[in-house]
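Following: one structure in structure tokens, then a few remarks.
The values are calculated or read from the model by the stated rules, or taken from the named source; none is laboratory data. Remember, it's a predicted structure, so these values are computed and weren't measured experimentally. Heads up, the Cβs are rebuilt from the backbone with ideal geometry, glycines too, and the neighbour counts pull from every protein chain shown.
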Amino acid sequence: MRTDIAAPVRLEDYKPTDYRIDTVALDVRLHPESTRIKSRLRIAPREGTAPGTPLILDGDDLTLEGLSLDGMALLDTAYSASRDRLTLHAPPDRPFDLEIVTKTNPSANTKLMGLYRTDGNYCTQCEAEGFRRITYFLDRPDVLSVYTTRLEARRSDAPVLLGNGNCVETGKIDGTDRHYAIWHDPFPKPSYLFAMVGGDLGHLSDTFTTRSGRDVALKIYVEHGKEDRAVFAMDALKRSMVWDEKVFGREYDLDIFMIVAVPDFNMGAMENKGLNIFNDKYVLADPQTATDQDYANIEGVIAHEYFHNWTGNRITCRDWFQLCLKEGLTVFRDQEFSSDERSRPVKRISDVKLLKAHQFPEDAGPLAHPVRPVEYSEINNFYTATVYEKGAEVVRMLKTVLGTDGFRAGMDLYFDRHDGDAATIEDFLACFAEATGRDLDQFALWYRQSGTPSVAISVSRNEAADTMDVSLSQTCPPTPGQATKQPFHIPLTFAWLDPSGQPLNVASPDAPGSADGVLHLNDSKAVVRLPKTRD
């Protein structure tokens, strides 16, 4: 009988941490088998934290080498440490600096989470809970900190040293083969967005001028000899930056934007602030062998990770239950980008085929879960088609409900109000409700209920009323944990077409449940009466 299964994490049990970490200063001395990390954390109790409340930091397979508070080494009785946890029994009831020294073996890190070394390159992957494999930390998305990272390595081992934010200093260590680079990210971020890279890489460079006139350096780092295969990815990046300024009003905020593309990165791609890391199959394209689909995939993934700069980085998730708030929303944004850059109907057909092939079966099976889950045992299990693809469809429905102008107004308010926040689905929807005056309480069921509803539609002539009556009904089969479903708010766009398929001019229906070419199904059954077409 297994006894090591962790208790499930539940949304209803969420509470903020007792302490916040305002700044993080890391000094990382890279070594293939023994990397030393010194972290200096500026920590403060949150308002309402009782004096003497223990501070418990997450760890994962760490070796503690040193620990001091405000520059003084801590006595063994002041803390307890294991490879997976560090506890200060009675921290000060005021802001303090905690300095932690840990060691880790990047070459032996076969989990490929945290800091690892592969094919001669140092790389990180910290989403969802990988930062705790680098140093002890409050490793959760609602702890936002300003990071400064000093990287040091042998120049012969890692001539390229990259981190989040802007590079503020580089130099050599006199009399040695070692060099260093200091990176500072001025925007608070959660630990899962931390990244660093060290290795021997080539790069492709370009620049981008934002709409406010700032020049941004662009760099794509790849294995030597592959630089020319990153040309299309660079073009896709620049077009993504233009599109996000035009369609969502979002301008890039750092002095440099970097992509590192290596063949053995364990994820598809990761949106770390200012330093995206990719598997190079989503960056490199050889014009002699790449297919149209290869180019489309590169364009979409480059855009997706760049768009995370605002929907995921500047505004992040309060907890992992809100994962769709960054992923579903950003999938919608990259779908819209590809639709504008290519063929909107072709892109829509492709997205629906993917949804039906992967998400519909998930929603109909034993693994069905809401777009915003309420419980998990392992967060990595929830990087699913429901969170990503269905999450994007819910955002698309929201735009259909509110219209283009209403949706943009809600997004603008969301960006303005929650910049620098760790937000929730409730925060997101509240912005649209406030910006448009619409009640979105029923629409929020899309985030709380699993399953794929079926809609039945029939149309009949009503000669007495001189209308066309549209009868609508919705049903949603039971799914695990949700035997009974409340009716969803389902928006349905419609149009009148003549026998040749051309649109007809239609009088605006004044019946409840319809307006501006959209029928709103809010009940299990409804009948909407539409006026006849005008001559």
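So the values come out like this:
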quantity: Extreme residue, farthest from the chain's Cα centre (by Cα), among residues of the range 262-295 that are among the aliphatic types (A, V, I, L, M) and within 15 Å of LEU162 (Cβ to Cβ); calculated: VAL262
quantity: Residue ID - nearest to the chain's Cα centre (by Cα), chosen from residues in the range 124-172 that are in a loop (DSSP other than H, G, I, E, B) and of a type in the set (A, V, I, L, M); calculated: ALA128
quantity: Any hit, the range 209-217, residues being within 26 Å of LEU41 (Cα to Cα), aliphatic (A, V, I, L, M) and surrounded by fewer than 18 Cβ atoms within 10 Å (Cβ to Cβ); calculated: no
quantity: Selection count, the range 304-326, where residues are closer than 21 Å to VAL260 by Cβ, in contact (Cβ under 8 Å) with a residue 24 or more places away in the chain and in a helix (DSSP H, G or I); calculated: 4
quantity: Any hit, the range 428-446, residues being surrounded by 16 or more Cβ atoms within 10 Å (Cβ to Cβ), touching a residue at least 12 places away in the same chain (Cβ under 8 Å), of a type in the set (Val, Ile, Thr) and within 21 Å of GLU327 (Cα to Cα); calculated: no
quantity: Within the range 374-389, tally of residues that are farther than 21 Å from CYS126 by Cα and not in a helix (DSSP H, G or I); calculated: 2
quantity: All strands (runs of 3 or more DSSP E) inside the range 30-123 with 3 or more residues being surrounded by 14 or more Cβ atoms within 10 Å (Cβ to Cβ); calculated: 35-45, 55-58, 63-69, 85-88, 96-104, 114-118
quantity: Options VAL301, VAL242: the member that is in a helix (DSSP H, G or I), surrounded by fewer than 20 Cβ atoms within 10 Å (Cβ to Cβ) and out of contact with any Ser or Thr (no Cβ under 8 Å at 6 or more places or on another chain); calculated: VAL242
quantity: Test result for GLU336, outside the structural domain of ARG239 (by TED's automatic domain parsing), over 21 Å from THR386 (Cβ atoms) and crowded, with 17+ Cβ neighbours inside 10 Å; calculated: no
quantity: Set ASN279, ASN266, ASN272, ASN297: member being modelled with pLDDT of 95 or more, farther than 16 Å from ARG229 by Cβ and polar (S, T, N, Q); calculated: ASN272
quantity: Residue that is under 15 Å from the mean Cα position of the chain (by Cα), over 16 Å from GLN482 (Cα atoms), assigned to a helix (DSSP H, G or I) and among the aliphatic types (A, V, I, L, M), where the choices are ALA409, ALA392; calculated: ALA392
quantity: Selected residue [part of a helix (DSSP H, G or I), of a type outside the set (S, T, N, Q), more than 17 Å from the chain's Cα centre (by Cα) and closer than 30 Å to PHE407 by Cα] from VAL231, VAL247, VAL216; calculated: VAL247
quantity: Residues (touching a helix residue (DSSP H, G or I) at 6+ places or on another chain (Cβ under 6 Å) and either surrounded by fewer than 14 Cβ atoms within 10 Å (Cβ to Cβ) or among the charged types (D, E, K, R) (or both)) located in the range 269-295; calculated: GLU271, LYS273, ASP286
quantity: Options ASP516, ASP523: the member that is modelled with pLDDT under 95 and over 23 Å from ARG372 (Cβ atoms); calculated: ASP516
quantity: Test result for ASP255, of a type in the set (D, E, K, R), at pLDDT below 95 and surrounded by fewer than 15 Cβ atoms within 10 Å (Cβ to Cβ); calculated: no
quantity: Given (1) charged (D, E, K, R); (2) within 27 Å of ARG239 (Cβ to Cβ); (3) modelled with pLDDT under 95, index of the condition GLU327 fails; calculated: (3)
quantity: SER68 being among the polar types (S, T, N, Q) and over 27 Å from TYR116 (Cβ atoms); calculated: yes
